[in-house]
Each structure stands twice: as structure tokens, then as C-alpha cells.
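These notes concern the structure reproduced below.
The values are calculated or read from the model by the stated rules, or taken from the named source; none is laboratory data. Computed from a predicted model, the values in this text were never measured in an experiment. All Cβ positions, glycine included, derive from the backbone under ideal geometry; neighbour counts span all protein chains shown. In case anyone asks, the SASA skips ligands and DNA or RNA and just uses the protein heavy atoms, side chains included. Shrake-Rupley method; radii C 1.70, N 1.55, O 1.52, S 1.80 Å.
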Protein chains: 2
Amino acid sequence: MRLNKKERQRLLKETILENPFVTDEELAEKFSVSIQTIRLDRLELNIPELRERIKNVAQKNFSEEVRSLPIEEVIGEIIDIELDEHAISLLDIKEEHVFKRNNIARGHHLFAQANSLAVAVINDELALTIKSNIQFIRQVKLGERVIAKAKVVEKEMEKGRTVVHVESFVNHELVFKGEFHMYRPKHKEGVQK
Amino acid sequence: MRLNKKERQRLLKETILENPFVTDEELAEKFSVSIQTIRLDRLELNIPELRERIKNVAQKNFSEEVRSLPIEEVIGEIIDIELDEHAISLLDIKEEHVFKRNNIARGHHLFAQANSLAVAVINDELALTIKSNIQFIRQVKLGERVIAKAKVVEKEMEKGRTVVHVESFVNHELVFKGEFHMYRPKHKEGVQK
DNA sequence: ACTACTATTAGTACCTAGTCATAAAATCAG
DNA sequence: CTGATTTTATGACTAGGTACTAATAGTAGT
């Protein structure tokens, strides 16, 4: 079954992205066209030849020294906050957050975003998490933007405990849900900073 | 300055290991010998040609044949693992893990260690966390070494679900406890050529 | 000095996975 | 059916090799 040019080029791009180790010959066979057609396609799409592609992959691998992730990126960016009430933060899922294999975000990044939002929303010098129940509702993929919303639901100031609910969304779709029991050290009255 | 064969071959091996992207021609120049000598050396030392070397580096990155989870993706260092049974990992709490204010470790790092250990202990292509209950039992401070122990407690293979318990210790003192409900996807046959 | 030996260099044919350029054939749209 | 687009064919050239044969250089032992 021969496809038209547009469709073929679309699939070509995909195929090569998925497996950069494929030769023009194999591609020609796959799409039932001549090698020359594949080469014209690559030319039009600016896809380099096999050896260049392999080299690129290798170089990326070889010069990979960016192992640690800065804290700012783990936590996400706080875009709205009202202390002791609610807060919203935003995290863009990038290469460093996902399993290489399938581009699904690793759970602990979603947890980190939610947990640090829960810490931030507490109006205190410092809050600590003591207990937490969480649920990963659907997988989050590379490139998606996760918006976490925290809400303080219980304030038991005397005991120094507070409960925060966090829900995280991708395009208004719930992807993560967590309940965080926070400990806040003894309050000093009227001290605001 | 020409070296003798032995010395040249020793350096050759080193040079290529350090920079696999070097051609025979460049090597010949570097050691002031002919290209043929370099090729004889590679033959004797069983060093493949440039393109093969590059391909190897690339493939390592692209992970065509890596069985389970690559170790570097685990937070902390795995020091013992028996798939589907138990695993132990170690995490030294450094500057980047703590609140600057009081040098207490941020909760999500303990979670990350435990969570990735739970993922790693599952003997499958890839496991995902669906649900988790956790408790932060005592604060962990800068400089402390956290040892996390994961134990697979329930295997319901048909449903693709597994429960893993993780307990983390500092000097035999329990600091963190968590229950992780993991999902293991249905196996797909490798389609690669 | 002659021989034996290793080390090095030279040269040729062939390979893969391409490149670039030109021309011809096939297919599709109006 | 014509003209434009798309596809295929062909030939010449490239990098970075392999595999093989043959010649030369250098050194050691007798």
C-alpha cells in the first residue's frame, strides 16, 4: 500500500525519531518506494544521514554531565499563593523528569511538586510533612504542564498540625491527588514576615 | 618522538577510550606512524572501527537491550537487590537535599529514594506507582545516611499490581515508612532490528 | 656479513551508506 | 491531453574503513 508524499514524510519523521538506526534502504522497503525517494524526503525534511544521526545520539550520551537537577525545577514555579489558604504551582515536565524508556514522569517529581507546595502554603517559619496519602491517577508525559493546587483544609493550631490537600492537573484533567499532614513548630503570635 | 609498539598500543587504547570519536588518520598523526600501523594495532587490541565505536556509544544511550530499570535512574545507591523480593539503597543527605534554614531534609527526597527503590525492585520492564501512604517519622538532618529497605509484600500478577513496603533508617532508627502500590504494565515483545 | 625475525609501510580491491547532479519516466490535477 | 509534480534511474564521488599481499626497515644472533 503506497502512501502519498505528505503522509509518507510524516511517518518517515516519526519512524526515524523512534529508531534513528534505520537505513535508507530499510525505509525504502518499508514505504515501498525507491531509495532515491527516501533521500529526497530526508533532504526536504532536513533529516541527516544514518551515520550523522548515530553520531548525534552518541554525542548526546557522551557529553551528558547534567546529572543533578536544580531545586527550582523540582518544585515548580509558584504562581499564586495565599498563606494558610491555598496556593498554585506549575511544573513543566522535561527530559530530566521522565523515564527515558517511555517518557512517563517519575512519580516522585509529582510528589515533590505537591509536597513543596504544601510546605509553602503553610504560614510559618517552616513546616514539615509528617504523613501523606497520595494517588497517581494518570500518567504524565514529557512536555506536559502540571498545575498543582493546594488547599489548607484543617488547622489545628494548638497541636501544631495542619492538613493540606493537593490536586494536580494537566489540562484540567486530574493526574495526582494527595493529602499532606503537616507539622508546624510552635507559633509566635502576631509575627508576620 | 616515536614510541615503541607496546607503549603506543597502551596509549592508543587509552586515547580511544577517552575519545571514541577519533579516526585512524588522526591517530596515525598523533603517534607519527602510518595509518596501517594504527589499523594493525586496533586489530591486535580488538578495537572496532570508528563507526562501530560510535554506534556502540549511541546504542548504550538508546538502550535497545537494557533489561530492567537502569541503575542511574534510581535515587540513591542500590547496594543490594533481589528482584521481586527486596532491595536496599543508600542516600547521603547533602546540602541540596535540605532546607537551608534548619538543615532538615526535604520530605520529597526521602520519598524519591523510597519510590525509586520500589520501582527498581519490581522485576519488570517498567513499574509505575499508583498509590502510596507514607509517614515521615523523624527529621533527617544534613550529613546523615539514609538506608532504605524495600520488601515486596504482595504480588497480584494477573491484575498487574504489586505492593512494596519501604522503611528507611538512619543508624537503625526508623525515619520514614511507606507503602507503595505499583502497577506493572503488560509485557510487550521487543520489536527491534 | 648473512640470516631470522619483528615492525612498519605501501598498495590494491572491496564495502557501506551515503552525497550531488542530471535525466528520464510515471503519476496527478486542471 | 498538457503541464507540473513526483518518483526512479544512473553515474561519479566521499569517508572511513576491511582484508589481503608485498615490500622495506631495523635489530639480534651467529
Per-residue mean of C-beta atoms belonging to partner chains within 10 Å, peptide B:97-108: 4
Exam field: B:LEU11 pseudo-label spacings to other copies (7 Å along Cα-Cβ), nanometres: 5.4
Nonlocal Lys pairs with alpha-carbon distance under 29 Å, the range A:71-183 (8 or more apart, or different chains): 23
Estimated distance in nm for a label pair at B:LEU43 and A:LYS151, the labels positioned 7 Å out from Cα along Cα-to-Cβ: 7.6 nm
Pairwise burial A:B, computed as accessible area of each alone minus the pair, summed, 1.4 Å, Å²: 3900 Å²
Neighbour net charge for A:VAL170 - beta-carbon separation under 9 angstrom, K R +1, D E -1: +1
The range A:5-62, accessible area per residue, ligands and nucleic acids excluded (1.4 Å, Å²): 64 Å²
Signed unit charges on C-beta, dipole axis of the range B:71-183, positive-most listed residue B:ALA150, B:HIS109, B:PHE136: B:PHE136
Mean separation of Cα contacts under 8 Å (6+ apart) over length of the range A:5-62, as relative contact order %: 35 percent
Counted charge near A:ARG138, where neighbours are those whose Cβ lies closer than 15 Å (Asp, Glu -1; Lys, Arg +1): +2
For A:ASP92, inter-copy label distances in nm, listed shortest first [label point 7 Å out on the Cα-Cβ vector]: 3.4
